[in-house]
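Colleague: Mind looking over this structure? Questions follow.
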């Protein structure tokens with residue numbers, strides 16, 4: 001374990017590097033060691049939908065509002081749920097979580 005810590009000690013942590021590393025994360029282990037009362041799935045969901053530093057937490061811009069309205073208008077026959085809208089906006093969120 002000390003070798004692993006030494007090898008990454010001076011590594012710059014960036015959101016992009018974190019994203020690359022995420023598939024290797026053992027969420028169940030993290031939950032059991034650090035987040036009592038939560039499952040690995042809950043920890044992963046929390047990270048992916050709220051804590052990820054690449055998620056824009058700011059208010060929607062006028063351009064984003066226009067894009068959303070345009071997509072809803074263009075795909076009104078197909079838009080039966082939020083998944084289609086999210087896909088068209090390149091949204092990374094899972095709507096039902």
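The values are calculated or read from the model by the stated rules, or taken from the named source; none is laboratory data. Remember, predicted model here, so these are calculated numbers, not experimental data. All Cβ positions, glycine included, derive from the backbone under ideal geometry; neighbour counts span all protein chains shown.
Colleague: Every residue in the stretch 12-35 that is outside any helix (DSSP H, G or I) and touching a helix residue (DSSP H, G or I) at 6+ places or on another chain (Cβ under 9 Å), please.
Modeller: The answer is 25, 26, 35.
Colleague: Which numbered condition trips up residue 57, out of (1) surrounded by 10 or more Cβ atoms within 10 Å (Cβ to Cβ); (2) under 14 Å from the mean Cα position of the chain (by Cα); (3) in a loop (DSSP other than H, G, I, E, B)?
Modeller: For residue 57, the failing item is (1).
Colleague: Taking the condition closer than 20 Å to residue 21 by Cα, assigned to a loop (DSSP other than H, G, I, E, B), modelled with pLDDT of 65 or more and in contact with a helix residue (DSSP H, G or I) (Cβ under 8 Å, 6 or more places away or on another chain), does residue 92 pass?
Modeller: When the stated conditions are applied, residue 92 does not pass them.
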